[in-house]
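Please read the structure below before turning to the comments.
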Amino acid sequence: MNSKNSPTDPRRRRFLTRSLLAASAVLLTGCDRLSRSDTMGRLFDASSALTQKAQRLLASRESLAREYSPEDIAPTFRANGTTNPQEAAYRRLAANGFRDWRLTIDGLVERPQRFSLDELRSMPSRTQITRHDCVEGWSCIGQWTGVVLGDLLDQVGVRDEARFVVFHCADRYRGGDAYYESLDMIEAYHPQTLMAYGLNGRDLPIANGAPVRLRAERQLGYKMAKYVMRIELVESFAHLGRGRGGYWEDRGYEWWAGI
C-alpha cells in the first residue's frame, strides 16, 4: 500500500481528525435545545457511531496519542467546568488532604475494592506529557502522573459481560445533576488511560480534579472526568442519568469523542 494513502499516514490522520472535530463541533452547537428532539437524538447517535468507526479505522487499539517534551508544558494548565466543588462531602475530604478519600471500583467485577490515595500512589505509575483538546476550541499541554486504569481493572477482575467503565464524580456541575462519564473497554485498557493524581510534577490541584481525575488521551476534554469517587463496570447505560453515558451526552453531546 502506498504510504501516502495508508490509514496511519500522519498527514491523512491529521486531515481526517480535523474533519471529524469540525463535524462534531457543528453537531454540538445548540445541543441543549436540539437534544430534546427524538430525531436529533437519533442523528447524534448515528454521527457518534460513524465518528467512532472512522477513528478506529485510522488507529489501532494500542496506537498512542502524541506525547510532548517538557519544554512544551504550559506554565499553568487551564481549568474549566467545575473548579471548586462545594458539595459538603467533598469539602470534608479536601479539608484533610483527601486522607479519608477512597476510590471505589465495583459493578460487574469479581472483587470490588476501595483504594486510598496513598495506595494508588504506591502502585506502578505512568507519566506522560499530552495535549488536552477542549470541544470549546482551546488546547493545553500538561504532564500527568497516575495509575494506568487497565492495571486497576485487572486487580478487581472485570466480568465478561462488562462493556463500559463509568466514572462517578463528586461535583454537580452548576449545582445540577452529578457529573459522570464513561469509556468502552478498548479506551479503558489503553496504555495512556490513567487515573491521574499528579499534574506537572505536583499533586493534582483541586481546580484540575483532585484527588484523582481521568486522563483518556485519545478523547476530547469533556470525557476526562474530574473528582472521581467511584468506577462502575456496566453492561449498559440504562440505569444512569438519561441513558446516554455521560453528563454532557445526556444533554446532546456525542458519546464517542475520539480525536
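One residue alone among D106, D118 is under 24 Å from T193 (Cα atoms) and touching a Pro at 6+ places or on another chain (Cβ under 9 Å), and that residue is D106. Checking every residue in segment 192-201 against the condition of being open to solvent by 40 Å² or more (accessible area, probe 1.4 Å) and either modelled with pLDDT of 95 or more or of a type in the set (K, R) (or both) gives at least one match.
Within segment 77-119, the set of residues being of a type in the set (A, V, I, L, M, F, W, C) and open to solvent by 50 Å² or more (accessible area, probe 1.4 Å) comprises A88, A89, A95.
When A225, A238, A210 are checked against the criterion of being in a loop (DSSP other than H, G, I, E, B), open to solvent by less than 10 Å² (accessible area, probe 1.4 Å) and out of contact with any Gly (no Cβ under 9 Å at 6 or more places or on another chain), a single residue qualifies: A210. Within segment 162-187, track down each residue that is touching a strand residue (DSSP E or B) at 6+ places or on another chain (Cβ under 9 Å) and of a type in the set (D, E, K, R). Listed by number, the residues that qualify are R163, D171, R172, E181, D184, E187.
Of the residues making up segment 122-145, just one is at pLDDT below 95 and either touching a Leu at 6+ places or on another chain (Cβ under 7 Å) or buried (at least 19 other Cβ atoms within 10 Å of the Cβ) (or both), namely V135.
For segment 67-86, indicate whether the set of residues that are over 25 Å from W144 (Cβ atoms) and modelled with pLDDT of 55 or more is non-empty.
Start the filter on segment 67-86 by keeping residues that are over 25 Å from W144 (Cβ atoms), which leaves 86.
Within this subset, residues satisfying the condition of being modelled with pLDDT of 55 or more are 86.
Within segment 67-86, one or more residues are over 25 Å from W144 (Cβ atoms) and modelled with pLDDT of 55 or more.
Can you find a residue that is modelled with pLDDT of 95 or more, surrounded by 22 or more Cβ atoms within 10 Å (Cβ to Cβ) and not in a helix (DSSP H, G or I) anywhere in segment 146-160? Yes, because at least one residue in segment 146-160 is modelled with pLDDT of 95 or more, surrounded by 22 or more Cβ atoms within 10 Å (Cβ to Cβ) and not in a helix (DSSP H, G or I).
The values are calculated or read from the model by the stated rules, or taken from the named source; none is laboratory data. As the structure is a prediction and not an experimental result, all values here were calculated from the model. Because the Cβ atoms are built from the backbone with ideal geometry, glycine has one as well, and the counts that use them run over all protein chains shown. These accessible areas exclude ligands, DNA and RNA; they are computed on the full protein's heavy atoms, side chains included. Shrake-Rupley method; radii C 1.70, N 1.55, O 1.52, S 1.80 Å.
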